[in-house]
Amino acid sequence: MARLRNVLWLGFFAAVLWAWWVLYSMAVGMDLDLIGRPGPMGEAMRRMDPRMDMYMPMAEFLPLFWMWALMMAAMMLPTLVPTLQSYEDLIISADGSRAGWVGIVLGYLIIWLVFAAVIAGVQLALLFGGVIDMLGIATSPLAAGGLLLVVGLYQFTRGKEICHGVCLSPMGYFLGHWRTGFSGGLRMGLGLGAYCVGCCWGFMALGFVGGVMSLLWMGLATLFMVVEKLPQVGQYVTRPMGCVLVIAGIAVMIWPLTTGG
């Protein structure tokens, strides 16, 4: 049993590292640095018109979905660790199982893959609407600042509070929705994934502010979402981050006015 536990955890973290490596390789291939700033080739890509009669991966649904799916694995699987640790306790004290553990991970991933499909479609709509460029970077301070403002204000809403409460205390969710075996774990994973999307969707959407392939944004967003779900400190960081995002959004929108840009 201990050997199976180690194999599952090693596979879990190997999947996370693999996703990050592929994303890094993609960023290098797009000629982006750590913060998503394009080099000469990337600048040329930004200026491309998505309506051009030629194949451009960032203007097609499947490549975008693949990119977002990798980002979901790289950024969201680490935030699942506290939840899986809570389930580990139930394997010992209740009738949890390794099959249930696998079911939770799978159910969680399914929900985030659905979200990846949705946000890939949103990116295409924003691209063809001229709101973002080919690299997923907002084309105007109004769009970037508005998104920062919306995500910041969401941190103060009842919806965020409810979803964050589940993410912060997965044991309470398990006790109220307990199911056994793989199918039970899958059902619980789907529920947990839905609450997690409700909690974290905004930080995924913030990729459109600085570029969805910015490794710096991905790293910082992942770190914050992990911290936000830690029982000891999570409840103390949500609203302060909301304040930071609101201030940043207002600053981004008014900066061109103050500089005459």
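Residue-wise test of (1) free of Cβ contacts under 8 Å to residues at least 24 places away in the same chain; (2) under 17 Å from the mean Cα position of the chain (by Cα); (3) under 18 Å from Leu109 (Cα atoms).
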| site | (1), (2), (3) |
| --- | --- |
| Leu149 | no, no, no |
| Ile162 | no, no, no |
| Pro170 | no, no, yes |
| Tyr173 | yes, no, yes |
| Met188 | no, no, yes |
| Val197 | no, yes, yes |
| Gly207 | no, yes, no |
| Gly211 | no, yes, no |
| Met218 | no, yes, yes |
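Output the residues belonging to segment 221-255 that are without any contact (Cβ under 8 Å) to a residue 40 or more places away in the chain, surrounded by 14 or more Cβ atoms within 10 Å (Cβ to Cβ) and not in a loop (DSSP other than H, G, I, E, B).
Scanning segment 221-255 gives Phe224, Val227.
For Cys167, indicate whether it is closer than 20 Å to Val114 by Cβ, in contact with an Asp or Glu (Cβ under 9 Å, 6 or more places away or on another chain), modelled with pLDDT of 95 or more and among the hydrophobic types (A, V, I, L, M, F, W, C). Write out each step before concluding.
Working: closer than 20 Å to Val114 by Cβ: yes; in contact with an Asp or Glu (Cβ under 9 Å, 6 or more places away or on another chain): yes; modelled with pLDDT of 95 or more: no; among the hydrophobic types (A, V, I, L, M, F, W, C): yes.
Against the criterion (closer than 20 Å to Val114 by Cβ, in contact with an Asp or Glu (Cβ under 9 Å, 6 or more places away or on another chain), modelled with pLDDT of 95 or more and among the hydrophobic types (A, V, I, L, M, F, W, C)), Cys167 does not qualify.
Among the numbered conditions (1) closer than 30 Å to Ile91 by Cβ; (2) crowded, with 20+ Cβ neighbours inside 10 Å, tell me where Gln155 comes up short.
(1)
For segment 97-154, enumerate the residues that are charged (D, E, K, R) and in contact with a Ser or Thr (Cβ under 9 Å, 6 or more places away or on another chain). Before the answer, list the steps.
Filtering segment 97-154 down to residues charged (D, E, K, R) leaves 98, 133.
The answer is Asp133, and nothing else.
Determine, yes or no, whether Pro231 is within 17 Å of Cys196 (Cα to Cα) and over 17 Å from the mean Cα position of the chain (by Cα).
Numbers: within 17 Å of Cys196 (Cα to Cα): yes; over 17 Å from the mean Cα position of the chain (by Cα): yes.
When the stated conditions are applied, Pro231 passes them.
Say we look at segment 158-180 and pick out the residues that are buried (at least 17 other Cβ atoms within 10 Å of the Cβ) and among the hydrophobic types (A, V, I, L, M, F, W, C); which of these is farthest from Met204 (Cα to Cα)?
Phe174
Would you pick out the residues in segment 175-186 that are aromatic (Phe, Trp, Tyr) and either under 13 Å from the mean Cα position of the chain (by Cα) or part of a helix (DSSP H, G or I) (or both)?
Step one: of segment 175-186, the residues aromatic (Phe, Trp, Tyr) are 178, 182.
Of everything in segment 175-186, just one residue is aromatic (Phe, Trp, Tyr) and either under 13 Å from the mean Cα position of the chain (by Cα) or part of a helix (DSSP H, G or I) (or both), namely Phe182.
Residues checked against (1) closer than 26 Å to Gly103 by Cα; (2) in contact with a Leu (Cβ under 8 Å, 6 or more places away or on another chain); (3) aromatic (Phe, Trp, Tyr):
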position	(1), (2), (3)
Leu147	no, yes, no
Val151	no, yes, no
Arg158	no, no, no
Gly165	yes, no, no
His177	yes, no, no
Ser183	yes, no, no
Met188	yes, no, no
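The values are calculated or read from the model by the stated rules, or taken from the named source; none is laboratory data. Bear in mind that the values here come from a model prediction, so they are computed numbers and not experimental data. Using ideal geometry, Cβ is built from the backbone for each residue, glycine included, and neighbour counts are taken over all protein chains shown.
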